[in-house]
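Report on one structure; see the data block that follows.
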Amino acid sequence: MKRLIFLVVAFFALTAQRDPILVPEVSQHDVQVRQGFTGTELLLYGAILDPSGNRSATPYDIVVVLKGPTDAIQLREKAKVFGIWVNAESTAFRSAPSYFAVASSRPINEIVDERTAAIYELGLDFMQLSPIGAINPDEQTRFKDGLIDLRKRQNLYQQDMHGVKISEHVLYNARIKLPSNVQTGTYTAETFAISKGRVIASATAEVEVRKVGLEGLVAQYAQQYSLLYGLFAVALSVFMGWLAGRLFSMV
């Protein structure tokens, strides 16, 4: 029995050693948002090697998925009633990424089937949202498409089907832009090496986006002392209103 267990463990160990090794890296692990921040460009690069450390003999494709912090979100549709735009149907999602970007060496439908793409969220069409409560599939698709369209126009959702360059079946690189309106928090860069429709290796790197300087201090104070921050904001608004009234009364 012990011999059988040993052979099984040895078999799986040898099998695992045949899998390629993916070594990813990001040009910036710490993105600092200061006053006047206009966005930045991240370079995601790396190499894929066989277990011996040599060039992989298997041709492969690379897909990089960069995701920002997820938030609960409520979406509302507008409808025109008697010439006036009013809120109509709405739905809520429990985990919508604030930022979602995909870069690949070829179009996704040429690399994997839809099932694999959905499992790994390889593309905007396969981004997984968690609806709150029961929702009709057609309605969910409509709201999801609306969210994607809105955030694409804000440059928060991006997709480049030829954004990854591969050199000599070893090195790869992709450039992904972070716009000025990105949310702070931890971003996850997932890299997938794919061959013959199967994910043969994957790895993850993290990027921290944080506010620094005066903006960072204000954000930190607002989070740690929310009640005092709210009272101060109200008091400041009242004071500015009183001051404006005094100045106009003197004119």
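Where the second residue is among the polar types (S, T, N, Q) and assigned to a strand (DSSP E or B) and the first is under 19 Å from Q158 (Cβ atoms) and lies in region 99-125, which pairs have Cβ atoms under 7 Å and are six or more apart or on separate chains?
A101/Q158; V102/Q159; I111/S104; G123/Q159; L124/Q159
Report, by residue number, each residue of region 165-187 that is of a type outside the set (D, E) and on the phi > 0 side of the Ramachandran plot.
Matches in region 165-187: H169, G185.
Just checking, which of E114, E139 is open to solvent by 80 Å² or more (accessible area, probe 1.4 Å), at negative phi, of a type in the set (D, E) and in the same structural domain as T186 (by the TED database)?
E114
The values are calculated or read from the model by the stated rules, or taken from the named source; none is laboratory data. Just so we're clear, the structure is a prediction, and the values are computed from it rather than from any experiment. As a convention, Cβ positions derive from the backbone with ideal geometry for all residues, glycine included, and neighbour counts pool all protein chains shown. Note: areas computed on protein heavy atoms with side chains; ligands, DNA, RNA excluded. Shrake-Rupley method; radii C 1.70, N 1.55, O 1.52, S 1.80 Å.
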